[in-house]
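Student: To start, I am sharing the structure in question, which I have written as structure tokens.
The values are calculated or read from the model by the stated rules, or taken from the named source; none is laboratory data. Fair warning: this is a prediction, and the values are worked out from it, not measured in the lab. Quick reminder, even Gly has a Cβ in these numbers, built from the backbone with ideal geometry, and neighbours come from all protein chains shown. Surface accessibility is based on the protein's heavy atoms, side chains included, excluding ligands, DNA and RNA. Shrake-Rupley method; radii C 1.70, N 1.55, O 1.52, S 1.80 Å.
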Amino acid sequence: MLPTAAVSETLSVDEFVSALRALTNEDWIRVGEVARRYARYCSTSGDDLQSEAIGRTLDGKRNCPYDVDPVAFLILTMKSIAGELRKAGFRTIGMDDVKLKTKDGNSVAFDPADERLDPESTLAENQAAARLRTAILGLFNDDEVARDLADLMMVELDGEELRALLDLEPKAFASKRRLVRRRIDKAFPDGWKP
């Protein structure tokens, strides 16, 4: 869920489109991996989840703050949508291809590169990731902020992105991060063993 703190300015649709076009192939791979990870928890595909996050932003239903990295914004938006779908009974999104509008008003198909693994590797990776995620998040059933922090750490956001997204003061953020690391280290002293 996006932070509730008031954000004075957000990217316009054109600025958001420009930010999307500026993303590197590695950024898109990261967004796609996270989309597939979140899609496992609701009955939709990672591609549809990613398209829905972009579509809601282009439609004005979501707004990317200037001070939030577009990759982090997409990740949190996908997490929120996946949560909505899960609560709504695992309904699918069922979107058509998203079209981007250029500044001159033309529509351009949005078609990121397909970097998917073969089905067997994808299944094995998804099962291992789901077990790890469940095990780690289960350590924080008593602390929702720590649980969100652990979840975001698993998608490899850096410290300032995490702090801003969780809307925590630096001291509170450092304390929560220490708590998360200590619990994980205590639960898995020799590392994760599936």
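Student: Please find, among ALA164, ALA174, the residue that is at pLDDT 85 or above, open to solvent by less than 50 Å² (accessible area, probe 1.4 Å) and assigned to a helix (DSSP H, G or I).
Tutor: Exactly one residue qualifies, and that residue is ALA174.
Student: Among the residues in the range 103-122, are any open to solvent by less than 70 Å² (accessible area, probe 1.4 Å), within 21 Å of ALA39 (Cβ to Cβ), charged (D, E, K, R) and at pLDDT 70 or above?
Tutor: No, the range 103-122 has no match at all.
Student: In addition: For the range 53-69, which positions are out of contact with any Leu (no Cβ under 9 Å at 6 or more places or on another chain) and assigned to a helix (DSSP H, G or I)?
Tutor: Selection gives GLY55, ARG56.
Student: Taking PHE16 and the conditions (1) assigned to a helix (DSSP H, G or I); (2) farther than 23 Å from GLU160 by Cα, which numbered condition does it fall short on, given that it satisfies the others?
Tutor: PHE16 satisfies every listed condition except (2).
Student: Still on this structure: Of the conditions (1) modelled with pLDDT under 90; (2) loosely packed, with under 13 Cβ neighbours inside 10 Å, ASP142 fails just one. Which one is it?
Tutor: Looking at each condition in turn, ASP142 falls short on (1).
Student: Identify all residues within the range 13-31 that are closer than 25 Å to ARG133 by Cα and crowded, with 20+ Cβ neighbours inside 10 Å; write none if there are none.
Tutor: Of everything in the range 13-31, just one residue is closer than 25 Å to ARG133 by Cα and crowded, with 20+ Cβ neighbours inside 10 Å, namely VAL31.
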